[in-house]
1. To make sure I understand the rule: partners must be aspartates and glutamates, Cα under 12 Å from the Cα of Lys191, and not fewer than 8 residues away in the same chain. Which ones qualify?
2. Rounded to the nearest 10 Å², what accessible area does Glu288 show when all protein chains are kept and the probe is 1.4 Å?
3. Against the 2.2 N^0.38 Å scaling, with N counting residues, where does the range 344-409 land? I'd like the Cα-based Rg ratio to two decimal places.
4. How large is the dipole of the chain about the Cα centre if only Lys and Arg carry +1 and Asp and Glu carry -1, each at its Cβ, rounded to the nearest 20 debye?
5. P(r) of the range 80-303 in 10 Å steps, Cα pairs, percent per bin?
6. Let me spell out the model: positive unit charges on the Cβ of Lys and Arg, negative unit charges on the Cβ of Asp and Glu, origin at the Cα centre of the range 9-64. What dipole size does that give, in debye rounded to 20?
7. Too long at a 23 Å Cα-Cα cut-off: which of Lys185/Lys219; Lys2/Lys244; Lys74/Lys226; Lys101/Lys244; Lys130/Lys226?
8. Can you tell me which of 224-232, 37-45, 120-128, 143-151 comes out highest on packing, and rank the rest after it, using the mean Cβ neighbours within 10 Å?
Amino acid sequence: MKYWKKLSKPQLIQKIDQALASTVNFESSKYLGYPVSHLDENVFNTSGTSLDNAPILKSFIANPNNIGCHTLGKSEEAFKGSQELEKEVIRVLAVDIFKAKENQYDGYIATGGTEANIQALWIYRNLFKKEYNASLDEMVILSSEDTHYSVHKGSNLLSVENVSIPVDFNSREIIVEELDAIVKKLVAEGKKYFMVISNMATTMFGSVDNPDVYAEILKKHQVVFKIHVDGAFGGFIYPITNKKSTINFENENVTSITIDAHKMLQAPYGTGVFLCRKGYIENALTKEAQYVDGMDLTLSGSRSGANAIAVWMILFSYGYYGWFEKINTLLLRTEWFCDQLNNLNIEYFRNPFMNIVTLKSSFIPDDLAHKFGLVPDTHNGEHSWFKVIMMDHVEIDDLLKFVTELENLK
Ligand SMILES: *Cc1c(COP(=O)(O)O)cnc(C)c1O
C-alpha cells in the first residue's frame with residue numbers, strides 16, 4: 001500500500017483544519033460572485049468548543065463544494081482544500097486497492113452507487129456515439145439477473161436497452177451458454193456495442209461475476225464492448241479479502257469501477273465513488289458548464305466537500321491494516337455463522353470472500369426472518385431467499401440468538 005496509511009487523531013484533525021483553511025472564507029468579502037456559503041448560523045449551531053474535536057462537523061459547517069472532477073484539468077480555486085482530500089481518496093482507491101498505474105485513472109465521489117453506475121453507462125454511450133457513430137438501437141447493456149436495479153434506471157434514462165443474463169440458482173454464476181446464446185441473438189438483431197455491468201458482489205447474494213467470462217464471449221462474437229465493475233457493495237471488502245482478485249485495473253477487460261463508501265465504510269450517505277481509466281471520463285463532459293472553473297465531467301453538479309473529507313478521514317483513521325483487521329473480523333463472524341448453518345443442514349449461498357450469507361427461505365419461517373430483520377429477495381411474498389449481512393453491529397452474540405431459535409425449530 002503506497003498511499004493508504006494510518007494517521008493519528010491529531011494528524012487527521014490538523015490536515016482537515018488545513019484543508020478547511022484553504023476553503024474560501026466567506027467573511028472576507030472577496031467572494032461576491034459565488035452562490036455558496038457556510039451553513040446558516042441563524043439556524044445552525046456553527047461555533048463553540050464542542051467543534052474542536054469534531055473535524056467532520058466543522059467541515060459540514062464550512063460547506064465546501066467539490067463540484068467537477070479533480071483528477072483532471074483545473075478545479076474551482078475556492079474549494080481547493082476539500083478537493084485535495086478527495087484526490088487523496090481517489091488515489092488510495094485507484095492505486096492501492098484497484099491497482100491502477102500512477103496518474104492513469106480519473107474519478108470522483110458521486111452521490112452513491114446509483115450515480116456511479118449511471119456515470120459509467122453515460123460515458124460508454126457517448127463513447128460509442130463519438131467513436132463509432134453508433135445509434136442507440138445498436139447499443140445494449142448486459143448484466144446478470146442479480147444486478148442492482150440502478151442499472152435499470154440507467155438503461156431507462158439513457159434509452160439503451162438492458163438485457164439480463166440468467167444465473168444458476170445455487171451458484172449464482174452467470175450461465176455461460178445462456179450468455180453466449182443471448183449475445184448471438186442480439187448480434188443477429190443488429191446490436192454492435194455492448195456495455196457490461198459486472199458485479200463485484202451482488203446486493204442480495206454477495207456473488208461476484210467474472211468479467212473475463214463476459215469479455216471472452218463478447219470477443220468471440222467480435223463486438224465492441226466495455227466492462228464496468230459494480231463494486232458498490234463489495235468494493236471495500238472483496239479486493240481486501242481476496243488477494244488474488246483480478247477484478248481491478250490490471251485486468252485489461254475492466255474499464256471502470258463503482259465503490260460505495262456509505263455501505264461497508266460507514267461514511268455519511270452521499271459518498272459513492274466512480275473510478276475509470278484515463279481517457280474515458282471526457283465522454284461525460286458538459287461543455288455548457290461554463291461558470292464552473294475547470295471541466296464538469298460528472299453527473300452531479302454541486303456536491304458535498306464535507307462528504308469527501310469524511311471518506312478521507314475514515315480511510316486514514318484505519319489505514320490499510322486497520323481496515324484489513326476490521327474486514328477479517330466480519331469474515332470470522334460469517335464463517336462462524338456458516339458453520340452453525342452447516343450443523344443445522346440449512347442451505348445457503350456464500351462467496352467465501354464476502355460477509356453476506358443468503359439462506360434458502362424454505363428453511364426459515366417468515367416470522368423468524370421478520371423477527372431478526374432478515375431481508376428477502378423480493379417483498380411481494382414470493383421470496384426464495386433471506387440474507388444476513390455481517391456488519392459492524394452484527395456480532396456473534398446477535399447471530400447466536402438467531403441460531404438458537406433455528407435449533408429450537410428442529
Ligand atoms: C447499493 C448498491 C448500489 C446502489 O448504490 P446507492 O449508493 O444506494 O445508490 C448499486 N449496486 C450495488 C451492487 C449495490 O449494492
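1. Cα-Cα hits under 12 Å: Asp137, Glu138, Glu161.
2. 150 Å²
3. Normalised Rg, Cα atoms only: 1.07.
4. Around 1020 debye, computed over the chain.
5. For the range 80-303, the pair-distance distribution reads 8, 35, 38, 16, 3, 0.
6. 220 debye
7. Lys74/Lys226
8. Descending mean neighbour count gives 224-232, 120-128, 143-151, 37-45.
The values are calculated or read from the model by the stated rules, or taken from the named source; none is laboratory data. Note that this is a predicted model, so its numbers are computed, not measured. Counting neighbours? That spans all protein chains shown, and the Cβs are built from the backbone with ideal geometry, glycine included. In case anyone asks, the SASA skips ligands and DNA or RNA and just uses the protein heavy atoms, side chains included. Shrake-Rupley method; radii C 1.70, N 1.55, O 1.52, S 1.80 Å.
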